[in-house]
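This report concerns only the one structure given below.
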Amino acid sequence: MTTLVNQQIVLASRPTGEATLDNFRLVESSVDPDALAEGQVLVRNHYLSLDPYMRGRMNEGKSYAQPQPLGEVMIGGTVGEVIASRNPRFAVGDRVVGMGGWQQYQLVEAHQREVLRKVDTTHVPLTAYLGAVGMPGVTAWVGLHTIVEPKAGETVVVSAASGAVGGVVGQLAKAKGCRAVGIAGGPEKCAFVTDELGFDACVDYKAHRDLKSLAQALKAACPDGIDGCFENVGGLVLDAVMLRMNAFGRIALCGMISGYDGQPIPMANPALILVSRLKLQGFIVSEHMPLWPAALGELGAMVAAGRLKYRESIAQGLASAPEAFLGLLKGRNFGKQLVKLT
Ligand SMILES: NC(=O)c1ccc[n+]([C@@H]2O[C@H](COP(=O)([O-])OP(=O)(O)OC[C@H]3O[C@@H](n4cnc5c(N)ncnc54)[C@H](OP(=O)(O)O)[C@@H]3O)[C@@H](O)[C@H]2O)c1
């Protein structure tokens, strides 16, 4: 094999306010598949996953994750194929999932034992390992099972319901015998959530721009109130849900995407936590590694059996990644946002 050109996208600057295309830069490096050192593995990335957490990493300040260093390849989950290996654990042709970043090729060092995982694509499509059978699916599983803890007959609401995490949450809640209600932006996404994913109802928050109207729509969709909430958005959406929560309701605070670009997201009625005796708990999926094998096993079996549905938005080519990422932060994606790199 000849030396390969590796296109990469690095973080060029940190956003002030909204992230923009100028924050990213496309660069090239080279990689020689015939010059691997003992233990190294070279992967050709087929798909890159774009995820909301990347926005937090572009900022300077540390939140729960370290900031992305300037000038370095943007962090990101990838699936691909081993094209050269001097590591006995991986053979050429193996399909793998890893954290390959925003680039076409990933060189994995011998000591990086945990960064690559072989996957079986016989019954589960390769891209699903970045979505329903990957980090987003496990996020849904962990938040639902450890915080919301839904019981049959209860009502569970999830925001960003057509997305990678939200779509799985509602289907898992349905499988537990709950009433699953989504909140999503626009009639097309809401129709997908009910008609394709099988939720019982979906509220279009874009048709209800103020708290009173949104809470009213939720009341109609949740006639017995809300017992569990899986929150991905925050702000007005969370305020409306809290107004409809039943006593002793549980809220898994998974994300607050409506504030990721720096918008203020105050909570309108924090006293409801007391008055309705709510449990509101945040969580980070990477801090629940012991649960991943069970979650991935269950999610993989459901996808293979056609009992867990999902949708993907696929941008073409590495150069399209920044635009697609900014779109994700504005809800332009419809389902799991991926970038096809091959
Ligand atoms: N805690 C964890 O460990 C963890 C792990 C993974 C993900 N998450 C969080 O889970 C949430 C969903 O992630 P995902 O990967 O599944 O993404 P996603 O839902 O596939 O895509 C993001 C969706 O968020 C909605 N959105 C974007 N901007 C919004 C805004 N300003 N106001 C309201 N909604 C907005 C859009 O849907 P609409 O068009 O319907 O508004 C968009 O499609 C995010 O908050 C993410 O940070 C947390």
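The values are calculated or read from the model by the stated rules, or taken from the named source; none is laboratory data. None of the values given here were measured: they were computed from a predicted structure. Note that each Cβ is placed from the backbone with ideal geometry, even for glycine, and that neighbours are counted across all protein chains shown. SASA here: full protein model, heavy atoms, side chains in, ligands and nucleic acids out. Shrake-Rupley method; radii C 1.70, N 1.55, O 1.52, S 1.80 Å.
Regarding the chain, what is the average projected area of its C-alpha convex hull, in nm²? Can you show the working numbers first?
Values: hull surface 67.4 nm².
Hull-based average projected area comes out at 16.8 nm².
May I ask you to give the solvent-accessible area per residue for the chain, in square angstrom, as obtained with a 1.4 angstrom probe?
Values: 14880 Å² over 342 residues.
I get 44 Å² per residue for this part.
By what distance, in whole Å, do the Cα atoms of region 135-286 stretch along each of the three principal axes, largest value first?
Its Cα atoms span 33, 32, 31 Å along the three principal axes.
On the full set of protein chains, 1.4 Å probe, figure out the accessible area of Ser313 and give it in Å² to the nearest 10.
20
Just checking the chain: which Cys have no other cysteine's beta-carbon under 4.7 Å?
Here Cys178, Cys222, Cys229, Cys254 come out as lacking a disulfide-compatible partner, given the Cβ-Cβ threshold of under 4.7 Å.
In region 135-286, carbon and sulfur make up what percent of the accessible area (probe 1.4 Å)?
On region 135-286, the fraction of accessible area on carbon and sulfur atoms equals 57 percent.
Got a number for the accessible area of Thr342? Probe 1.4 Å, square angstrom, nearest 10.
In the full protein context, Thr342 sits at about 70 Å².
Show me the ranking of peptides 326-338, 163-175 by mean Cβ neighbours inside 10 Å, starting with the highest. If you can, show how the numbers build up before the last one.
Details: 326-338: 19.8, 163-175: 27.5.
So the peptides 326-338, 163-175, ranked by packing, come out 163-175, 326-338.
Pairs of Cα atoms under 8 Å, at least six residues apart: use those to get the relative contact order of the chain, whole percent.
Numbers: 765 pairs, mean separation 58.9, N = 342.
Value for the chain: 17 percent.
Counting helices only, and only those DSSP H runs with n ≥ 4, report the 222 nm mean residue ellipticity of the chain as the sum of -39,500 (n - 2.57) divided by its residues, in deg cm²/dmol to the nearest 500.
Values: 9 runs with 77 residues, N = 342.
Rounded to the nearest 500, it is -6000 deg cm²/dmol.
Which of Arg55, Arg113, Arg86 ends up with the largest GNM mean-square fluctuation for the chain, with Cα atoms connected below 10 Å?
Greatest mean-square fluctuation among the candidates belongs to Arg113.
Given the options Ser30, Ser213, Ser320, which has the most mean-square fluctuation in a GNM of the chain, springs set between C-alpha atoms less than 10 angstrom apart?
Fluctuation is largest for Ser30.
Using the Karplus curve 6.51 cos²θ - 1.76 cosθ + 1.60 with θ = phi - 60°, work out ³J(HN,Hα) for each residue of region 160-177 in order, rounded to whole Hz, and write x for Gly and Pro.
Taking θ as phi minus 60°, the curve returns 6, 6, 8, x, 4, 7, x, x, 6, 3, x, 5, 5, 5, 4, 4, 8, x Hz for region 160-177.
Among the listed pairs Lys174/Lys336; Lys189/Lys330; Lys176/Lys206; Lys118/Lys340; Lys206/Lys279; Lys279/Lys330, which are separated by more than 22 Å between their Cα atoms?
Values: Lys174/Lys336 20 Å; Lys189/Lys330 14 Å; Lys176/Lys206 29 Å; Lys118/Lys340 19 Å; Lys206/Lys279 27 Å; Lys279/Lys330 29 Å.
Violating the 22 Å Cα-Cα cut-off are Lys176/Lys206; Lys206/Lys279; Lys279/Lys330.
Going by accessible area, probe 1.4 Å, with all protein chains left in place, what is the ranking of Met74, Met99, Met267, largest first?
Values: Met74 5, Met99 105, Met267 70 Å².
In descending accessible area the options line up as Met99, Met267, Met74.
In a shell of Cβ-Cβ distance under 13 Å around Asn333, excluding Asn333 itself, what net charge do Lys and Arg (+1) and Asp and Glu (-1) give?
Every neighbour counted, the sum reads +1.
Using a Förster distance of 25 angstrom, determine the FRET efficiency expected from the C-beta separation of Glu109 and Glu81, and round it to 0.05. Before the final figure, lay out each step's value.
Numbers: r = 18 Å, r/R0 = 0.74.
For Glu109 and Glu81, the calculated efficiency is 0.85.
Report relative contact order for region 135-286 in percent, whole number only (criteria: Cα-Cα under 8 Å, sequence separation at least 6).
Working: 324 pairs, mean separation 33.9, N = 152.
Here the relative contact order equals 22 percent.
If Tyr47, Tyr205, Tyr64 are ordered by their accessible area, calculated over protein heavy atoms with a 1.4 Å probe, which sequence runs from highest to lowest? Spell out each step's value before the answer.
Working: Tyr47 40, Tyr205 80, Tyr64 140 Å².
Largest accessible area first, the residues go Tyr64, Tyr205, Tyr47.
Show His123, His288 ordered by accessible area, largest first, where the area counts protein heavy atoms only and the probe is 1.4 Å. Before the final figure, lay out the partial values.
Working: His123 130, His288 50 Å².
Ranked list, largest accessible area first: His123, His288.
Cα atoms only: what Rg and Dmax, in Å, come out for region 1-82?
So, for region 1-82, Rg and Dmax equal 15.0, 45 Å respectively.
Through the Karplus equation 6.51 cos²θ - 1.76 cosθ + 1.60, θ set to phi - 60°, convert the phi angles of region 9-15 into ³J(HN,Hα) values in whole Hz; use x for Gly and Pro.
Calculated HN-Hα couplings, in order: 10, 10, 7, 7, 7, 8, x Hz.
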